[in-house]
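Here is the structure we will look at.
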Amino acid sequence: MTAFSLNPEQTAWCAELRTLADERLRPLAEKGEPGRVNRPLVEALGELGLLDRLFAGEGEGRGEGGGGASTPSASRAPRATSGALGLCLLRESLAYACTEAETALALQGLGAHPVAAYGSARQREQWLAPARAGHAVAAFALSEPGAGSDAAALALRAAPDGPSSWRLTGEKCWISNAPEADFYTVFARTTPGAGARGVTAFLVPADRAGLTGTPLDMLSPHPIGALAFDGVTVTGDDVLGEPDRGFRVAMTTLNRFRPSVGAFAVGMAAAALDATLAHTAQREAFGGKLKDLQAVAHQVAEMATRTEAARLMVHAAAAAYDRDEPDIARRAAMAKLMATETAQYVVDAAVQLHGACALQRGHLLEHLYREVRAPRIYEGASEVQRTIIAKELYSGNKD
């Protein structure tokens, strides 16, 4: 795997993003209501030009227009912060200072990326431009009650209703930003019995007749809900990509964002590590500082080593994606697996070293402890990542 280090420009940009998130975005996040879309926060991400960076190089020059204003954070960013690597640096930096801002940004990217990459000129103009500006909230509707990790088992039915139209009937579940999103990238089965080859991606506005949603009470500060489709009409104008090729749309999107899920996790791990360094350096116990106890010092060293290893794997996977290397699926899976499992370990260790104070409502680690669990499940659970890695390894070894 390629060795990786950030250059001074990239390091400075990450520091600037941390400051921006702390000073401009955190106050908006603190005013948000748990379980609801924080639209002022999403709009601020657009105004600061950060949502534009999600789609840098995708759909450029095709008439959709960028939504973000030119700000120091957006306009002065070095060229090397574009693409998947730039997305990882952006997500890690925001996560360190404000996980709510990071999540709002990531969900916009996940929901609108299929429009940027596969949408028609009309779809991009109508939906991508406002999504980039933070004026329209996007959502990625793939999972179902019976099709989470096994995405090819989708049951939402797209029944033919004319030469170029379908009616969607069924459910989606565990959908971030539902039921408050303005539009959904929806994956439905257009050809029964065809597995992954019979799925089509549709852009479905939230106000389409027959589409309803219900919020779910989850361990999450952002909204997660279920969607019900009761004969929702979609046409050829709503298709993203090609009919029966929607699984490719889903996997391309997930492969792009999986390394950056790892970046989100690394950002949380880094925040927990820094909090632990500060706490153990000043906390008095057993006649001295906590950091002077070998058990504590060794634990902190392990936390730091694992965090840095995860960061390097995330950066290498993102760089491989940007170079369009053939083993992107394996590297993306490895990066997500390593980073999310590492973050869980680091945050848990940080709570242990802080003691009871870390479990108080409002404490940074109490917040991170709740946030860090979900990334090991969404966009492919850890077990799915291991399956992908093994499959890729064996497919490359034909002997």
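Tell me, in nm to one decimal, what length is gained between T252 and A278 on full extension, where the rule is 0.36 nm per residue of separation less the Cα-Cα distance?
On the way: separation 26, 0.36 × 26 = 9.36 nm, distance 4.05 nm.
The T252-A278 span can extend by a further 5.3 nm.
Positive contributions from Lys and Arg (+1) and negative ones from Asp and Glu (-1), summed over other residues with Cβ under 11 Å from the Cβ of E379, come out at +4. Annotation: the antiparallel percentage among DSSP beta bridges lying fully within region 157-278 is about 95.
The amide H of A285, built 1.01 Å from its N in the peptide plane, has L290 as neighbours under 5 Å, considering only residues 5 or more places off or on other chains. Shown in residue order for region 100-111 are the 3J(HN,Hα) couplings computed by the Karplus curve 6.51 cos²θ - 1.76 cosθ + 1.60 at θ = phi - 60°: 5, 5, 4, 5, 4, 5, 5, 5, 4, x, 5, x Hz (x for Gly and Pro).
May I ask you to derive the FRET efficiency for R370 and S395 from their Cβ-Cβ distance with R0 = 30 Å, giving the value to the nearest 0.05? Walk me through the numbers on the way to the answer.
On the way: r = 38 Å, r/R0 = 1.25.
Plugging the Cβ-Cβ distance into 1/(1 + (r/R0)^6) gives 0.20.
Taking amide H atoms as placed 1.01 Å from N in the peptide plane, the amide H of D161 lies under 5 Å from those of W166, R167, each 5 or more residues away in sequence or on another chain. Using a simple spin-label model with pseudo-atoms 7 Å out from Cα toward Cβ, A153 and T19 lie 5.0 nm apart.
Its alpha carbons give region 139-244 an Rg and a Dmax of 12.9, 44 Å. Using a cut-off of under 20 Å, list every residue of region 319-356 whose amide N is near the label point 7 Å from the Cα of Q294 along the Cα-to-beta-carbon line. Output list for this probe position: 353. Where the alpha-carbon atoms of the chain are placed on the principal axes, they occupy 79, 54, 41 Å, in descending order. Take every Cα pair under 8 Å whose residues are at least 6 apart in sequence, average their separation, divide by the length of region 160-258, and the relative contact order is 36 percent. Listed by Cβ neighbour count within 10 Å, with the fewest neighbours leading, I389, I224, I175 appear as I389, I224, I175. Each label was represented as a point 7 Å from its Cα along the Cα-to-Cβ direction; for T387 and D327 these points are 2.2 nm apart.
Report the local net charge at A196: Lys and Arg +1, Asp and Glu -1, summed over other residues whose C-beta lies under 12 Å from its C-beta.
Values: positive: R189, R197, R245, R248; negative: D150, D244.
Overall, the nearby charge balance is +2.
Region 28-42 and region 119-133 have Cα centres separated by 23 Å.
Taking 0.36 nm per residue of separation and subtracting the Cα-Cα distance, full extension of the segment from E30 to A228 would add 68.2 nm. Of the residues K31, K291, K336, the one with the fewest other Cβ atoms within 10 Å heads the list, and the complete ranking is K31, K291, K336.
About its Cα centre, the chain has a charge dipole of approximately 400 debye under the convention of +1 per Lys or Arg Cβ and -1 per Asp or Glu Cβ, with nothing else charged.
Every read-out reported here was derived from the displayed coordinates using simple, explicitly stated rules and does not represent laboratory data. These numbers were taken from a predicted model, which means no experiment stands behind them. As a convention, Cβ positions derive from the backbone with ideal geometry for all residues, glycine included, and neighbour counts pool all protein chains shown.
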